[in-house]
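Scroll down for the structure; my scribbles are underneath it.
Derivation of every value follows stated rules applied to the coordinates shown; laboratory data play no part. Predicted model, so just to flag it, every value in this text is computed and none were measured. So basically every Cβ, Gly included, is an ideal-geometry build from the backbone, and we count neighbours across all protein chains shown.
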């Protein structure tokens, strides 16, 4: 029997807070457990030959949460990048930020950009950290930029293809998703990588 190893795995890390509450722990403990699980997955992915992982770290919808939780998540994501970047670099992982800079803390942007610079030559696996990302926002931003270039005469409207449009996405070199994973048992994609996931297989896990 032939085993097919996915090239690109997308992960929605859902249910961290509920996991902690069910165990009588603070929500912060759930996020810490989620971080550990993600980087265990990265190590396992390298072993099996997966080349790309996209992690939904903070969505554009997360701004609707309480100010206290948003503040925690901003600081948490900043600290995760700072804490893990040297380890990822040593493992040959390239870290790439996908998402909007608008509204993000400057300290978060700084850590993401420094991690990108440090790991930019690594080729074992690409870890897309999707921070302040939303699939619809990505498509709207791409359409706006493409329309601007059509207006300026840089692109002919009648020559636009899917390949042309993809060049305007947040990360135009991102490969299509082969396997889409979501924890917590919820069965929805939550606006994560809609363009890239059209041919993906979906697995919703009760963990």
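Once you have the Kirkwood Rh of the range 95-182 from its Cα pairs, apply Stokes-Einstein at 37 °C and 0.692 mPa s and quote D in µm²/s. If you can, show how the numbers build up before the last one.
On the way: Rh = 14.8 Å.
Calculated translational D: 221 µm²/s.
Compute the helix-to-body angle for 67-90: its Cα long axis versus the longest principal axis of the chain, expressed 0 to 90° and rounded to tens.
80
Once the cut-off is 26 Å, how many percent of the Cα-Cα pairs in the chain end up in the long-distance tail?
On the way: 7711 of 21321 pairs.
Here the tail beyond 26 Å accounts for 36 percent of pairs.
Using the beta-carbon distance between residue 71 and residue 100 and R0 = 22 Å, what value does 1/(1 + (r/R0)^6) give for FRET efficiency, to the nearest 0.05? Please report the intermediate quantities before stating the final value.
Values: r = 18 Å, r/R0 = 0.84.
In this case the efficiency is close to 0.75.
Would you mind calculating the relative contact order of the chain from Cα pairs under 8 angstrom and at least 6 residues apart, reporting the percent as a whole number?
Numbers: 307 pairs, mean separation 51.2, N = 207.
The normalised contact order for the chain reaches 25 percent.
Rounded to the nearest 500, what is the 222 nm mean residue ellipticity of the chain from helices alone, with -39500 (n - 2.57) per DSSP H run of 4+ residues and division by all residues?
Details: 6 runs with 89 residues, N = 207.
My calculation for the chain gives -14000 deg cm²/dmol from helical runs alone.
Hey, what's the Kirkwood Rh for the range 165-207 if you take every pair of different alpha carbons, in angstrom? Intermediate values should be presented prior to the final figure.
On the way: mean 1/r = 0.0881 Å⁻¹.
Result for the range 165-207 stands at 11.4 Å.
log₁₀ I(q)/I(0) of the range 54-107 at q = 0.26, 0.27, 0.29, 0.31 Å⁻¹, via Debye over equal Cα point scatterers, no solvent, to two decimals?
-1.18, -1.24, -1.33, -1.41
Length gain on complete extension for the stretch residue 86 to residue 7, per 0.36 nm per residue less the alpha carbon to alpha carbon distance?
Numbers: separation 79, 0.36 × 79 = 28.44 nm, distance 2.38 nm.
Full-extension gain reported as 26.1 nm.
Over all distinct alpha-carbon pairs, what is the Kirkwood Rh of the range 50-143 in angstrom? Spell out each step's value before the answer.
On the way: mean 1/r = 0.0732 Å⁻¹.
After inverting the mean inverse Cα-Cα distance, the result is 13.7 Å.
Can you sort 205, 13 from fewest to most other Cβ atoms within 10 Å of each residue's own Cβ? Write out the running numbers ahead of the final one.
Working: 205 12, 13 18.
Listed from fewest to most nearby Cβ atoms, that is 205, 13.
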